[in-house]
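Reviewing the structure listed below.
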Amino acid sequence: VPIKFMNDNSNKYDKITSSIAIVKASLNGAGFLYKHYNNPGNIYVITCNHILGNNNLETIKASFEVVNNTNEISAKTAEFKIIGRDIFSDIVVAQFDSELAYNKIFDVDLSDYVQLQINTTTPVNLGDSVDLVGHIGYLDNRSFLSGKVIDSKYTGSFFKNGFYIPESILVDMNIMKG
């Protein structure tokens, strides 16, 4: 009897899904696991600053899921210590610390979850394809969108008398059909 192997039908999103988190703070949002090349032993989560409130400026919780090819879900929640944030670029960096009370009580192990690396040396050009995985409005945690770079060095504001936005990548994404 020949042995049948399952085909790898995964796409680029399937390969990073376990990196994406539902981050619980004053609001819920999305984040992703990150491994910095200078500190490969540390695990970080990157998320948005606007989900924080005055009651959670020290730690946040993030929940991750892995779905195997039998649709069995393995979920894990971990607590991360906030080590940096920027309100203007709307970024929070938090580090996994196994000594935090929640992580000790529940013996949290994140070794099954993929940590993404960011290549900051790759040039970003007009028309480049961009993928976004995140929490869009009140949709789910894993909304996948694709778009194109329309300005690789955008600065300014989106609103009259709004905050100045530091250099960013401006992307055109189709959020709703029609």
Just need a number here: residues in segment 107-129 that are buried (at least 17 other Cβ atoms within 10 Å of the Cβ) and assigned to a strand (DSSP E or B). 0
Go through (1) of a type outside the set (Val, Ile, Thr); (2) open to solvent by 40 Å² or more (accessible area, probe 1.4 Å); (3) in contact (Cβ under 8 Å) with a residue 40 or more places away in the chain; (4) on the phi < 0 side of the Ramachandran plot and name the single condition residue 104 misses. (3)
Residues that are more than 22 Å from residue 101 (Cβ to Cβ), without any contact (Cβ under 8 Å) to a residue 24 or more places away in the chain and among the hydroxyl-bearing types (Ser, Thr, Tyr): does segment 63-74 have at least one? yes
Residue by residue through segment 111-132, note down the ones that are modelled with pLDDT of 90 or more and either of a type in the set (Phe, Trp, Tyr) or under 25 Å from residue 48 (Cβ atoms) (or both). 128
Sort out which residues of segment 32-71 are β-branched (Val, Ile, Thr), open to solvent by less than 20 Å² (accessible area, probe 1.4 Å) and assigned to a strand (DSSP E or B), and write them in order of number. 45, 47, 60
Residue tally, condition part of a strand (DSSP E or B) and either open to solvent by 60 Å² or more (accessible area, probe 1.4 Å) or in contact with an Asp or Glu (Cβ under 8 Å, 6 or more places away or on another chain) (or both), over segment 72-91: 11
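The values are calculated or read from the model by the stated rules, or taken from the named source; none is laboratory data. Fair warning: this is a prediction, and the values are worked out from it, not measured in the lab. Cβ: placed from backbone, ideal geometry, glycine included. Neighbour counts: every protein chain shown. To get the accessible areas, we keep the full protein, side chains included, count just its heavy atoms, and leave off ligands, DNA and RNA. Shrake-Rupley method; radii C 1.70, N 1.55, O 1.52, S 1.80 Å.
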